[in-house]
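Following: one structure in structure tokens, then a few remarks.
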Amino acid sequence: MEELTFEDRISMEINEDWDFWFDKVNFHLDKLFDKANRDNKFQNKMAIHYYTRNRVAKVKIKLLKEELKETLISLEEKSKLDFISYASMIA
């Protein structure tokens with residue numbers, strides 16, 4: 001009698017207990033699907049998080065630019081006033 005190969009024995013076992021193996025494969029695929037969904041949800045959450053951080057940083061930069069502009073303007077006015085006061089002291 002010819003001895004069966006490993007692949008033949010596996011295929012016979014699958015054919016004999018089709019429902020069991022079908023459920024087992026479905027369960028495995030469901031786990032893979034759940035893991036993929038979890039990873040996608042995490043990736044979406046992180047994208048939203050970094051988008052929000054970016055928007056907050058842009059607002060902070062805008063406010064700091066305005067503050068810097070006001071500071072530079074006030075320093076220029078102060079330097080003009082200093083120059084005028086220095087000129088009046090010399091004259």
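Throughout, read-outs are computed from the coordinates displayed, never taken from laboratory work. The model shown is predicted, which means the values in this text are computed figures rather than measured ones. No Cβ is skipped: glycine too gets one built from the backbone with ideal geometry, and neighbour counts run over all protein chains shown.
Points to keep in mind about this one:
- Residue within the stretch 52-59 that is part of a helix (DSSP H, G or I) and either of a type in the set (Asp, Glu) or at positive phi (or both) present: no
- Among the residues of the stretch 5-17, those that are surrounded by 10 or more Cβ atoms within 10 Å (Cβ to Cβ) and in a helix (DSSP H, G or I) comprise Asp8, Arg9, Ile10, Ser11, Met12, Glu13, Ile14.
- Residue check for Ser88: of a type in the set (Ser, Thr, Tyr) and surrounded by 10 or more Cβ atoms within 10 Å (Cβ to Cβ): no
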